[in-house]
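Rule-based calculations on the coordinates, nothing more; no lab input. Owing to the predicted nature of the structure, the values given are computational and were not obtained by experimental measurement. Ideal geometry is used to build each Cβ from the backbone, glycine not excepted, and the neighbour counts take in all protein chains shown.
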Amino acid sequence: MSISLRPLGDDAISPLFELLQNEDLYRYLTFPPPRSLDELAHRLEVDVRPEGHAFTVHRAEKPELPIGFCRYRIEGPNKYEIGYMIGRDFWGQGYATCVVAALLKELAIRFGVGVVLAAADIGNVASIRALERSGFLYSGFSETLLKREGSFNLEYARPL
């Protein structure tokens, strides 16, 4: 399976909006689906501040439509945080692992060294496995992004 990352542009907002309307995507997140194209554009812009980049994720077999998006943020000197969301129809096919690998490659090319951080809800086993397959190790937990009572995020880290 082959994917490509494309810098997020205005032309991607509408197809992403449709993809991100599935309620299943938000099971482990602290926010609901975007209500409008403007809200989605604003969320994506804010999510990469102060420094970072967002990308759409595309399959080689059908590159015209995104299957998700991903991003990285610079959290400090040589410290980066990644995040991703894959459309529901593409779960369980290894795309999250491919996206993590592509983000790590992008960070290595741009910055060379550092620590990469990621978080996943304790119930999101698929995302946790994608991180672990990519060399991330458990580094702690956070209750700051609670989705539901009794849930928390597991935090992961790995060297770049």
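Fewest neighbouring Cβ atoms within 10 Å first, the residues 127, 4, 36 line up as 36, 4, 127. Here region 15-31 and region 104-143 have alpha carbon centers that stand 21 Å from each other. Return, ordered by residue number, the residues of region 82-99 whose backbone nitrogen is under 16 Å from a label point located 7 Å along Cα→Cβ of residue 62. Only 86-95 fall inside the zone, counting backbone N under 16 Å. Exposed loop sites were defined as GluC sites (Glu not before Pro) in DSSP loop states (anything but H, G, I, E or B) carrying at most 15 other C-beta atoms within 10 Å; in the chain the longest segment without such a site runs 62-142. Shown for 35, 73: other C-beta atoms within 10 Å of each C-beta, ranked fewest to most, produce the order 35, 73.
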